[in-house]
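Peer 1: Mind having a look at this structure? Questions to follow.
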Amino acid sequence: MSLLERITPTSASGPSSGPDRAVLLTAAGYGVMAAAAGYLVLLVPVLAAWTLDPRSSTSWTDCLALAASLWGLVHHGRVSVPTNAISAVTFSPLLMTALAVVLVRVAARGVLAQLDDTPDERTWWRPWAVFAGGYVVAGFALAALSQAGPAPLAGWSVLAGPLLVVALGAGWALARDGEHPLRAIIDRLIDRGGVPLRRALRPAAEGAAALAGLGLLVLLGSVLMHLDRISAVSRLLDTSGSGTALLWLGQLSAVPNLIVHSALWATGAPVHVGSAAISTSSVEPGALPTIPLLGALPEAGALPGWAALMPLLPLIVGGFVGHRVAARFAALSPLRSKLQSGAAAIGVLVAGAVLTLWLSRMGVAPGRLAAVGASWWSIPLLALEFGAGVLVAIAGAHWATARRGGLVRRD
């Protein structure tokens, strides 16, 4: 090698220089477009209601600002309402949040298509950081737009939610594109967490799906038992055709929130709807807003005796997950390794529950409706009940396998 070759710096296109500027600009553009697409989706019903409702007194600029405020709410933002009765509203309809995750996933697939076939392990994260930055910057721009309307967003509140949506959408895109070279880097990062973490991810996801199914069953049962009351509350509202459509669209988009709260109610922790509290033993009465779906809440007073047995269901789900974790190990694997994987499954599911509860909680402050949703005490109760089921099932499966093979081990 000549002296000139030794002192010449490496070309910017070399394998160690990371993504070039064009790739980074494209990633930022995809982030902005994902946020803009979510805004346009929300703008359509707002403009439709403004056009179809003859009683509407707002201007089209207010509609643009209101759609921006809705975008912030979908990302768990905080909307300020300049009235004497209400100062702030927090309401993240998880169905719309899931739609935002889908849009981010579509944009993230575009970023994947732009990446090099041989990503550098030291710089692979840069396009994704720029992608997230584009999404967050677009969120701040929408927060600025909302200031022109009747319900402006608090700018600081559109940071954590958008970052979580980007993480979910980009992670989904990477998980589904198993052939992309970047997937190998992600797999190696997961491997650094050890075999227990890798073998815990799928059982934890199955446990989360089982808990969501439990919440759905609880919600459906309550709705079916109180259809008459839901209809009566709906008739009390004086809404036009477009107003009724928006009301039910908002309620349907919040059904996943209710599923989350119903699932966490099964832990034994209360669910608060303003001053009303619903536990597995009784219902404390309180003033409720005139929202039809809230008619599904049980009557005040003591609940039937079977409701006190609901905390057994997270325990059973934990037992199912523990069985699934044990099945991913060879029969002669040490009990310690299986328990470590079970503990990882508990940690993954509880962390997901914390984020989901944070997203799903609602409130209208100040006043009795400042906190609407499952109590934060449901998280430690879920960890205790679900975790006990996981660990007991793993230990039982291990000793049953050892006894059948005549190989009782001390681990």
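The values are calculated or read from the model by the stated rules, or taken from the named source; none is laboratory data. All values derive from a computational prediction rather than experimental measurement. Cβ sites come from the backbone with ideal geometry, for glycine too, and all protein chains shown count toward neighbours.
Peer 1: Would it be correct to say that residue 24 is assigned to a helix (DSSP H, G or I), under 16 Å from residue 134 (Cβ atoms), in the same structural domain as residue 99 (by TED's automatic domain parsing) and modelled with pLDDT of 80 or more?
Peer 2: On the way: assigned to a helix (DSSP H, G or I): yes; under 16 Å from residue 134 (Cβ atoms): yes; in the same structural domain as residue 99 (by TED's automatic domain parsing): yes; modelled with pLDDT of 80 or more: yes.
Yes; evaluated as a whole, the condition is true for this residue.
Peer 1: So which residues in segment 47-90 are of a type in the set (Ser, Thr, Tyr), surrounded by fewer than 22 Cβ atoms within 10 Å (Cβ to Cβ) and either modelled with pLDDT of 90 or more or out of contact with any Gly (no Cβ under 7 Å at 6 or more places or on another chain) (or both), if there are any at all?
Peer 2: 51, 56, 57, 58, 59, 61, 80, 83, 87
Peer 1: Looking only at residues that are outside any helix (DSSP H, G or I) and hydroxyl-bearing (Ser, Thr, Tyr) in segment 247-280, which one is surrounded by the most Cβ atoms within 10 Å (Cβ to Cβ)?
Peer 2: Checking each candidate, the answer is 267.
Peer 1: Of the conditions (1) surrounded by fewer than 21 Cβ atoms within 10 Å (Cβ to Cβ); (2) out of contact with any Asp or Glu (no Cβ under 6 Å at 6 or more places or on another chain), residue 325 fails just one. Which one is it?
Peer 2: So residue 325 meets the others, but not (1).
Peer 1: Going by the structure shown, is residue 289 in a loop (DSSP other than H, G, I, E, B) and assigned by TED's automatic domain parsing to the domain that holds residue 360?
Peer 2: yes
Peer 1: Is one or more of the residues making up segment 331-348 farther than 21 Å from residue 401 by Cα, among the β-branched types (Val, Ile, Thr) and surrounded by 15 or more Cβ atoms within 10 Å (Cβ to Cβ)?
Peer 2: Yes, segment 331-348 has at least one match.
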